[in-house]
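Structure record follows, encoded as structure tokens.
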Amino acid sequence: MIHAVFVINRSGGLIFNKNYSNQLAQLSSNEALIFAGTFHGIHALASRISPALKGNATRDLGIQTIDTKNFRMHCFQTPTGIKFIAATDLLLTDLTDVLKSVYRLYCDYALKNPFYNLEMPIRSDMFDTMLLKLVQTS
């Protein structure tokens, strides 16, 4: 089960967050912003210190999952640096395809919207609706 979805822009700003379960504590606005900035920083450091790709031109993916005792955080980073993060049950092991689908929804309902400004919060009813459908079917 997907409990929450976060979208972080390439600067580390939170542009979307939504809880889909009451099993995960609701973050205040400040806590969500702190989470986004902290995750962005840790992700960037993990990408830079990765020994596997030292001297290789291939881009490191940084943090892909974080496991806790009660839930798992999954991260998919686009080539432009936008991070799509989902908090899930421990039973879900690979959410890459689902997070890529969230990215496609972002492209279809935010980026193609002529009134949407990059790096700004996502305010799209269609994005919310389609994301809810995706979360319910995952």
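The values are calculated or read from the model by the stated rules, or taken from the named source; none is laboratory data. Computed from a predicted model, the values in this text were never measured in an experiment. Cβ coordinates were reconstructed from backbone atoms using ideal geometry, including for glycine residues, and neighbour counts include every protein chain displayed. Ligands, DNA and RNA are excluded from the accessible area calculation, which covers all protein heavy atoms including side chains. Shrake-Rupley method; radii C 1.70, N 1.55, O 1.52, S 1.80 Å.
Which of the residues that make up the stretch 83-101 are modelled with pLDDT under 95 and among the β-branched types (Val, Ile, Thr)?
Across the stretch 83-101, the qualifying residues are Thr88, Thr93, Thr96.
Tell me, which residue of the stretch 16-36 that is touching a strand residue (DSSP E or B) at 6+ places or on another chain (Cβ under 8 Å) and part of a helix (DSSP H, G or I) is surrounded by the fewest Cβ atoms within 10 Å (Cβ to Cβ)?
Checking each candidate, the answer is Leu33.
Can you pull out every residue in the stretch 66-84 that is within 14 Å of Met1 (Cβ to Cβ) and either without any contact (Cβ under 8 Å) to a residue 12 or more places away in the chain or in a loop (DSSP other than H, G, I, E, B) (or both)?
Asn70, Phe71
So which residues in the stretch 82-94 are closer than 23 Å to Ala44 by Cα and open to solvent by 10 Å² or more (accessible area, probe 1.4 Å), if there are any at all?
Step one: list which residues in the stretch 82-94 are closer than 23 Å to Ala44 by Cα, which gives 82-88, 93-94.
Correct list: Ile82, Thr93, Asp94.
Restricting attention to the stretch 95-111, report how many residues are surrounded by 20 or more Cβ atoms within 10 Å (Cβ to Cβ) and under 17 Å from Ile15 (Cα atoms). So that I can check it myself, show each step before the final result.
Taking the stretch 95-111 as the starting set, the residues that turn out to be surrounded by 20 or more Cβ atoms within 10 Å (Cβ to Cβ) are 95, 98-99, 102, 105-106, 110.
Of the ones still in play, those that are also under 17 Å from Ile15 (Cα atoms) are 99, 102, 105-106, 110.
Qualifying residue count, the stretch 95-111: 5.
So Ile63 passes all but one of these: (1) within 15 Å of Ala4 (Cα to Cα); (2) of a type in the set (Val, Ile, Thr); (3) buried (at least 17 other Cβ atoms within 10 Å of the Cβ). Which condition number does it fail?
It fails just one condition, (1).
Under 8 Å by Cβ, and 6 or more places apart or on different chains, what pairs join a residue from the stretch 112-128 that is open to solvent by less than 100 Å² (accessible area, probe 1.4 Å) with one that is of a type in the set (A, V, I, L, M) and in a loop (DSSP other than H, G, I, E, B)?
Sorted first by the residue in the stretch 112-128, then by its partner, the pairs are Tyr116/Ile122.
Those residues that are over 15 Å from Ile2 (Cα atoms), in contact (Cβ under 8 Å) with a residue 12 or more places away in the chain and within 15 Å of the chain's Cα centre (by Cα), I need them from the stretch 95-109; list them, please.
Tyr103, Leu105, Tyr106
For the stretch 37-56, check the following and say yes or no: at least one residue is modelled with pLDDT of 80 or more and in a loop (DSSP other than H, G, I, E, B).
No, every residue in the stretch 37-56 fails to be modelled with pLDDT of 80 or more and in a loop (DSSP other than H, G, I, E, B).
Of (1) within 13 Å of the chain's Cα centre (by Cα); (2) at pLDDT 90 or above, Ile63 satisfies all except one. Which?
Against the list (1) within 13 Å of the chain's Cα centre (by Cα); (2) at pLDDT 90 or above, Ile63 comes up short only on (2).
Which condition number does Val5 fail, the rest of (1) farther than 18 Å from Gln136 by Cβ; (2) at pLDDT 95 or above; (3) touching a Lys or Arg at 6+ places or on another chain (Cβ under 7 Å) being met?
The one condition Val5 does not meet is (1).
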